[in-house]
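**Q** Below are the structure tokens for one structure; questions will follow.
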Amino acid sequence: MAARGLARVWPHFWFKSLGSTAFMSLFFTGYLHLLKNPVGVVTEMPLTPVDEWIPLQPWTVWIYVSLWVYVSLPVALMTSREDIVRYGLRIGALCLLGLGAFLVWPTAVPPTHIDWSQYPGMGVLKGVDAAGNACPSLHVATAVFSGMWLQWMLPWTGGGRAWRLANVVWCIAIAYSTISTRQHVFVDVFAGAGLGLAMAWLTRPKTLLRS
């Protein structure tokens, strides 16, 4: 799987790299604008028992930021420009829906009263990604969307059950990390997972992508 997967990365390498960079830059421009300039009153999301069960675990910040590698994998494994562009439009629609939700209904996680300066990695994250744009969690939505596509793609890229299980574990770990780093609460995660699943299913490939 590893050798076959690496072989799929090289076709259109620069198209994938530059396209992904441009996509993320556009996304973060809109995301940060809404984060800093919410329209209307910001709703604070409620806590649930799940949020109390999951303790603060600063070390999971590395799992949290691994999303940016994870969401790049479906495109990295594609070998056709048409498939890459179509996938970009699909996940782009997901991001636009999420940003639209933040525009219409600004939300934020409750204050934690934690001194983040005690956790260097977390302090950097909190400085960049503040408490807003909470529900639905686009971190979780894009992870679930990417995870679903990877599950469909792995069988014909040489990935067996072990790789598909690893994919599921990674996706769940990312979702978990959004709560354990206090970036989101369970309601945000649940809504984000629902959005990701729905969009993945609605935009799923009707046939196998080009090999």
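The values are calculated or read from the model by the stated rules, or taken from the named source; none is laboratory data. Note that the coordinates shown come from a computational prediction; the quantities given were computed from them, not determined experimentally. Cβ placement follows ideal geometry from the backbone for every residue including glycine, while neighbour counts extend to all protein chains displayed.
**Q** Condition first: assigned to a helix (DSSP H, G or I), in contact with a Phe, Trp or Tyr (Cβ under 7 Å, 6 or more places away or on another chain) and more than 19 Å from MET122 (Cα to Cα). Now tell me which residues in the range 26-83 satisfy that.
**A** LEU34, VAL50, TYR70, PRO74, VAL75, ARG81
**Q** When the residues of the range 181-203 are narrowed to those that are of a type in the set (Phe, Trp, Tyr) and touching a residue at least 12 places away in the same chain (Cβ under 8 Å), which ends up nearest to PRO136 (Cα to Cα)?
**A** Of the residues in the range 181-203, the ones of a type in the set (Phe, Trp, Tyr) are 186, 190, 201.
Applying the additional criterion that residues be touching a residue at least 12 places away in the same chain (Cβ under 8 Å) yields 186, 201.
Details: PHE186: 10, TRP201: 17 Å.
Per the criteria, the residue is PHE186.
**Q** Within the group TRP68, TRP105, which residue is in contact (Cβ under 8 Å) with a residue 60 or more places away in the chain and under 23 Å from ALA191 (Cβ atoms)? Step through it out loud before you land on a result.
**A** Numbers: TRP68 fails: in contact (Cβ under 8 Å) with a residue 60 or more places away in the chain.
Of the residues listed, the single one that is in contact (Cβ under 8 Å) with a residue 60 or more places away in the chain and under 23 Å from ALA191 (Cβ atoms) is TRP105.
**Q** Please go through the range 132-180 and give me each residue that is more than 22 Å from VAL9 (Cβ to Cβ), without any contact (Cβ under 8 Å) to a residue 40 or more places away in the chain and surrounded by 18 or more Cβ atoms within 10 Å (Cβ to Cβ), ordered by number.
**A** ALA175
**Q** To continue, here is another question. When the range 93-111 is examined, which residues are found to be not aliphatic (A, V, I, L, M) and not in a loop (DSSP other than H, G, I, E, B)?
**A** We begin by selecting, within the range 93-111, every residue not aliphatic (A, V, I, L, M); these are 95, 98, 100, 102, 105-107, 110-111.
Of everything in the range 93-111, those that are not aliphatic (A, V, I, L, M) and not in a loop (DSSP other than H, G, I, E, B) turn out to be CYS95, GLY98, GLY100, PHE102, THR107.
**Q** So, in the range 112-129, how many residues would count as being modelled with pLDDT of 70 or more and assigned to a loop (DSSP other than H, G, I, E, B)?
**A** Summing the residues that are modelled with pLDDT of 70 or more and assigned to a loop (DSSP other than H, G, I, E, B) in the range 112-129 gives 5.
**Q** Still on this structure: What's the number of the condition LEU97 fails, among (1) at pLDDT below 95; (2) surrounded by 14 or more Cβ atoms within 10 Å (Cβ to Cβ); (3) within 23 Å of GLY40 (Cα to Cα)?
**A** Status for LEU97: all satisfied but (1).
**Q** Would it be correct to say that SER72 is within 23 Å of TRP156 (Cβ to Cβ) and surrounded by fewer than 15 Cβ atoms within 10 Å (Cβ to Cβ)? Spell out how you get there, then give the answer.
**A** Details: within 23 Å of TRP156 (Cβ to Cβ): yes; surrounded by fewer than 15 Cβ atoms within 10 Å (Cβ to Cβ): no.
Here the answer is no, as SER72 does not meet what is asked.
**Q** Here's another thing I want to ask about it. If you go through the range 108-125 one residue at a time, how many are more than 19 Å from ILE179 (Cβ to Cβ) and in contact (Cβ under 8 Å) with a residue 24 or more places away in the chain?
**A** Number of matching residues: 0.
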